[in-house]
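Below you'll find the structure, written out as C-alpha cells, and then a few comments.
The values are calculated or read from the model by the stated rules, or taken from the named source; none is laboratory data. Treat the numbers as computed from the prediction; the structure is a model and nothing was measured. So basically every Cβ, Gly included, is an ideal-geometry build from the backbone, and we count neighbours across all protein chains shown. The accessibility values were calculated without ligands, DNA or RNA, using every heavy atom of the protein model including side chains. Shrake-Rupley method; radii C 1.70, N 1.55, O 1.52, S 1.80 Å.
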Amino acid sequence: MNKYTEVLRNSFRSLNAFDCILIGAICTLSLISFFVKGEFNANILIAALSAVLGVFCVVLGAKGSLANWIIGTAECILHIYICFVSHIYGDFLQRIFWNLPMQYLGWKNWRKRERHDHTASIRTRYMTWRQRGITLLAVAVLTFVLGLFLKQFGPWMIGVLRDILPDMQFRTLKADYDFPALLWFDAFTTVASIVALYVSIKAFVEQWFLWLTINISSLCIWIFQDTDFSFMTIAKYGVYLVNTFYGIYVWNKLSKS
C-alpha cells in the first residue's frame, strides 16, 4: 500500500459524526440541485462533484489530515474549469497558478509535521503577534492594489482578451461590475486566499480566521451569479463557512497537544 492510499484510508477512518453530517449535507444539496434545475447536464454534475470534493477537502483540512491535499488537488482542477466557464477570471488565475501547485507544497510541508499516531493529523501552531500584523497588513495592501488594478486596467485587459477570445463574455475583470462592491470582494478573496493557503501550509491556526472572511466574501460574489454552477457553489461555500468554526476549534486543540 503506497503512502497516498494509506493516508486516505486513515483519514476516512477518522471521520466523526459531525464530519459525516457536513458531507451528507452537501451530497443532499447536490441531489436537490438536480430537481431545482429540472435538468441534468455535464456542468451541473461537475459543480456537484466539485462541491462534494471541496467539502471533503475542508473537513479533512479542519482535522489537520494530509488527505486534505490529495482531494484538494482534484477539487482545484474542477474549480478551475468552473471559473473559466463562468468567466470568474480572478479566481481562475489564482487557482491555476497558485492553488494547484501549492497542493504539492502543502503535502510536503504537512508530512514534516505529521503525528505518527491514530489521529492521522498534524502538529499545528499559532502565529506571533508580529506575524499576525504582517499578514493582515499584506492582505489589506494587496487587496487595495489589486482592486485599483482591476478598476483602472480592467477595461484594457478585457480589450486584449476579447481580441484573443472574441466570443467570450466576461463576468469579472470588466469596467462595470453588477455591483461596485463585487470588485473589492473579488480582489479581497483572490488576495486573502493566496495568503491563507500559504498560512495553511505553514500549519498556523490563524488560517481559519482568514478562511472565515473569505467564505463570507465568496458567498457575496456567487449569490449574484446566475449560472449552472451557482446553486452548488453557494451551497459549497455555505458548508465551508460552518466548517471554518470547526477548524478553529480542532486546530486550537491540536496546537496544545
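Remark: accessible surface ordering of TYR126, TYR4, TYR246 (largest first) is TYR4, TYR126, TYR246, probe radius 1.4 Å. Heavy-atom accessible surface of segment 1-138, averaged per residue, reaches 51 Å², computed with a 1.4 Å probe.
With a simple spin-label model that places each label point 7 Å from the Cα along the Cα-to-Cβ direction, the separation between ASP163 and PHE224 comes to 2.9 nm. Annotation: peptides 51-57, 9-15, 98-104, ranked by per-residue average of other Cβ atoms within 10 Å with the highest first, follow the order 51-57, 98-104, 9-15.
Projected label points at LYS112 and VAL145, each 7 Å from Cα along the beta carbon direction, are separated by 2.6 nanometres.
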